[in-house]
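See structure below.
The values are calculated or read from the model by the stated rules, or taken from the named source; none is laboratory data. The structure presented is a predicted model; accordingly, all values stated were derived computationally and were not measured. Cβ sites come from the backbone with ideal geometry, for glycine too, and all protein chains shown count toward neighbours. Please note that ligands, DNA and RNA were not included when accessible areas were found on the heavy atoms of the full protein model with its side chains. Shrake-Rupley method; radii C 1.70, N 1.55, O 1.52, S 1.80 Å.
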Amino acid sequence: MLDKSYVVPWGKRGVLPADTEAAVLAELIHESTPLPTGVRRERFERSFAESVGSRHAISVTSGTVALQLAVRMLGLTPGDEVIATPQTHQATVQPLFDYDVRVRFCDIDPTTLTLDPAVLESLITPRTKALLLVHYGGCPAEMDTIMALARRHGFLVLEDCAHALGTRYRGRSAGSLADIATFSLRNSRNTRLLGKGGVITCDRDDWAERLHRLRAEDTDARSAHLRPDHTAAPNPALWTPHTVPLQRGPARRPGGAATMPDMVAALGQAQLTRLPATTARRRALAGRLDEVLARYPFMTPQSTPAHSAHSYHLYSCFTDHQELRDRLVLSLDRRGVEIQLRYFPQHLLPQWRHRGHLRGECPVAERSWFEQHLNLPCHPLLTAYQEDYLIEALDESLTELNGGTPAPLPVPATACGR
């Protein structure tokens, strides 16, 4: 693929957009104490839990690892059924391959691109053990309805919040709306760490204790640790720095090396303080894009549930049909606006087709991907010039699709006497 320079890039990655993060890096470079002490990580976890409104926040090395560990908390056993959305990155559902369970993909709402509660209800059976959903692009799913179904039928809900840092649903933050949640903090998300990071949030103390153990090298045993017997003959091997504490009972899972480094946590702490400002910039640009689309009847922006706040990790919109969508993508590309489409329906990927999933299983998600849906650049690292250029290029492209006729500008409210 040829390297093309865009006037409006999809997203800048690995960029520190403010002096705050640079100051944190300078402090860490001259740090005299060993960085793996965990002090910054613990501070970041407390701040993250407070910002989300969750009892616990457990930081790990990536959003993918967060999903893998969170799925372990669901207690899946052979024969269980798990419902999942097809409108997501493959990392959301990939951990399910480790379990002998039946995955049932639930179609999406055509206007929000999040899981459709009406379809969900039709897929629930006595074997349903869990649901994996995504707040697609930062648009919250209809959590009240979904959680009411989960409580009535006795299954657990995992919310993948990779896109949803800053999203709110009826006054509550994404990450506090279900039984357990995961976040991705890689440098293409609503935070921009140098590399990767992930967080798991939950309210259950027992889950938090297990997650702390699983992310470290310690074995995840069924019972509490036994202290060495001080009355027995001394054994120097028990007191070496690398001794693994004795365990009572068999281990459920080995531990790992998934603890977030202090340096990454320190950057995360700095970025949390600026999250409201960067989210506001995303929403402001989304509002400008909405105004352009509103003048063209063949375009529709993604909708948001009532009393909710979209964080616009992705700005999504829809055309009336595939020809329009394809022409719009090509027109914007010619004008130097980079477009990416996210995501290919999961149930049609080869690994899931191999398990028996077929086209027609989620018709709304399929129609959206193949015919209507596209994402426009929307992130706080765009300059004022790039934002203005994006708005002009979008309007010009839509005018072109409108047969060369510019859409009428909205009438100012003062002209109507309001």
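For region 312-338, the tally of residues that are surrounded by fewer than 18 Cβ atoms within 10 Å (Cβ to Cβ) and closer than 30 Å to Leu275 by Cβ stands at 2.
It is to be established whether one or more residues within region 213-226 are more than 26 Å from the chain's Cα centre (by Cα), at positive phi and modelled with pLDDT under 95. Talk me through it step by step, then tell me what you get.
Restricting attention to region 213-226, the residues satisfying the condition of being more than 26 Å from the chain's Cα centre (by Cα) are 217-226.
Within this subset, residues satisfying the condition of being at positive phi are none.
The answer is no; no qualifying residue exists.
Of the residues making up region 95-123, those that are assigned to a loop (DSSP other than H, G, I, E, B), over 21 Å from Asp80 (Cα atoms) and open to solvent by 40 Å² or more (accessible area, probe 1.4 Å) are Asp109, Pro110, Thr111.
Which residue pairs have Cβ atoms under 8 Å apart, sit 6 or more places apart or on different chains, and have a first residue in region 354-379 that is at pLDDT 95 or above and a second that is in a strand (DSSP E or B) and surrounded by fewer than 16 Cβ atoms within 10 Å (Cβ to Cβ)? Listed by first residue and then by second, the contacts come to Asn375/Gln340. Candidates Thr300, Thr304: the one that is in contact with a Phe, Trp or Tyr (Cβ under 7 Å, 6 or more places away or on another chain) and not in a helix (DSSP H, G or I) is Thr300. Closer than 18 Å to Trp10 by Cα, in a strand (DSSP E or B), outside the structural domain of Ala141 (by the TED database) and within 17 Å of the chain's Cα centre (by Cα): is that true of Ser311 in this structure? No: the conditions fail for Ser311.
Taken together, the criteria exclude Ala91 from residues that are within 20 Å of Cys202 (Cβ to Cβ), assigned by the TED database to the domain that holds Met143 and open to solvent by less than 10 Å² (accessible area, probe 1.4 Å).
Meeting the requirement of 3 or more residues that are at pLDDT 95 or above and touching a strand residue (DSSP E or B) at 6+ places or on another chain (Cβ under 9 Å), the helices (runs of 4 or more DSSP H) wholly within region 19-87 are 39-52, 63-72. Within region 294-304, the set of residues being under 17 Å from Leu314 (Cβ atoms) and without any contact (Cβ under 8 Å) to a residue 40 or more places away in the chain comprises just one member, Pro301. Of all the residues in region 177-212, those that are touching a Phe, Trp or Tyr at 6+ places or on another chain (Cβ under 9 Å), in a loop (DSSP other than H, G, I, E, B) and at pLDDT 95 or above number 2.
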